[in-house]
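See below for the structure under consideration.
The values are calculated or read from the model by the stated rules, or taken from the named source; none is laboratory data. As the structure is a computational prediction, the values presented were derived from the model and not from experiment. Cβ sites come from the backbone with ideal geometry, for glycine too, and all protein chains shown count toward neighbours. All accessible areas refer to the heavy atoms of the entire protein, side chains included, with ligands and DNA or RNA removed. Shrake-Rupley method; radii C 1.70, N 1.55, O 1.52, S 1.80 Å.
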Amino acid sequence: QVQLVESGGGLVQAGGSLRLSCAASGRTFSNYVIVWFRQAPGKEREFVGAITWSGSNTHYADSVRGQFTISRDNAKNTVYLQMNSLKPEDMAVYYCAAARSGNFYAGSPKSAAYDYWGQGTQVTVSS
């Protein structure tokens, strides 16, 4: 069974940093794109960024470019979302998802077909 498990969320002061992890199990993801989304209360799910499991391609939403960084550790089957300079607006449940590369690049990140989703991890930013 394939699983994606997010971790690393919690409470952080505004201006602080968190690193979220998305750990994958059950298969290799060499032909996949791992995508981070977030959803704040009362808001629709928002694309944050993405990284190819192999290669060097990363993608970021304009809202977080320069603030968040996505990286991966293939040996650990884990993708990371480093979040710096956190603001209350960043408070949300953060999800990771996996899409086949062809599906991901065929359309927008929001409309892509995702094969796997994690359960989410809560990020709370206090002022």
Inset, instruction - For the range 60-69, state whether one or more residues are touching a residue at least 60 places away in the same chain (Cβ under 8 Å), over 14 Å from Leu18 (Cα atoms) and part of a loop (DSSP other than H, G, I, E, B). - result: no
Inset, instruction - Could you tell me which numbered condition Gly120 fails, if it satisfies all but one of (1) over 14 Å from the mean Cα position of the chain (by Cα); (2) closer than 20 Å to Gln3 by Cα; (3) of a type outside the set (D, E, K, R); (4) open to solvent by less than 40 Å² (accessible area, probe 1.4 Å)? - result: (1)
Inset, instruction - Name every residue in the range 79-88 that is surrounded by fewer than 17 Cβ atoms within 10 Å (Cβ to Cβ) and assigned to a strand (DSSP E or B), in order of residue number. - result: Gln82
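Take the residues in the range 1-16 that are in a strand (DSSP E or B) and open to solvent by 60 Å² or more (accessible area, probe 1.4 Å); name whichever of them is farthest from Ala75 (Cα to Cα). Before you say what the answer is, go through the steps one by one.
In the first step, residues of the range 1-16 are kept if they are in a strand (DSSP E or B); the result is 3-7, 10-13.
With the extra rule that they be open to solvent by 60 Å² or more (accessible area, probe 1.4 Å), the set shrinks to 3, 5, 11, 13.
Values: Gln3: 16, Val5: 16, Leu11: 28, Gln13: 32 Å.
The extreme case among them is Gln13.
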Legend entry - Qualifying position, being open to solvent by less than 30 Å² (accessible area, probe 1.4 Å), more than 18 Å from Ser7 (Cα to Cα) and either touching a Gly at 6+ places or on another chain (Cβ under 7 Å) or of a type in the set (A, V, I, L, M, F, W, C) (or both), among Ala61, Ala92: Ala61
Inset, instruction - Quick one: which residue in Arg38, Arg19 is open to solvent by less than 30 Å² (accessible area, probe 1.4 Å) and more than 15 Å from Lys76 (Cα to Cα)? - result: Arg38
Legend entry - Filter pass, Asp115 being crowded, with 21+ Cβ neighbours inside 10 Å, more than 12 Å from the chain's Cα centre (by Cα) and closer than 23 Å to Gly8 by Cα: no
Inset, instruction - List every residue pair whose Cβ atoms lie under 7 Å apart, where the two residues are 6 or more positions apart in sequence or sit on different chains, the first residue falls within the range 1-17 and is modelled with pLDDT under 95, and the second residue, located anywhere, is basic (Lys, Arg). - result: Val2/Arg27
Legend entry - Filtered residue count, the range 22-35, keeping only those that are in contact with a Lys or Arg (Cβ under 9 Å, 6 or more places away or on another chain) and open to solvent by 30 Å² or more (accessible area, probe 1.4 Å): 2
Inset, instruction - Within the range 44-57, identify whether any single residue is surrounded by 18 or more Cβ atoms within 10 Å (Cβ to Cβ), in contact (Cβ under 8 Å) with a residue 60 or more places away in the chain, not in a loop (DSSP other than H, G, I, E, B) and not aliphatic (A, V, I, L, M), and answer yes or no. - result: yes
Legend entry - Among residues of the range 89-127, those that are part of a loop (DSSP other than H, G, I, E, B) and modelled with pLDDT of 95 or more, counted: 4
Legend entry - Hey, Gln67 under 19 Å from Gly9 (Cβ atoms), open to solvent by less than 60 Å² (accessible area, probe 1.4 Å) and out of contact with any helix residue (DSSP H, G or I) (no Cβ under 6 Å at 6 or more places or on another chain) or not: yes
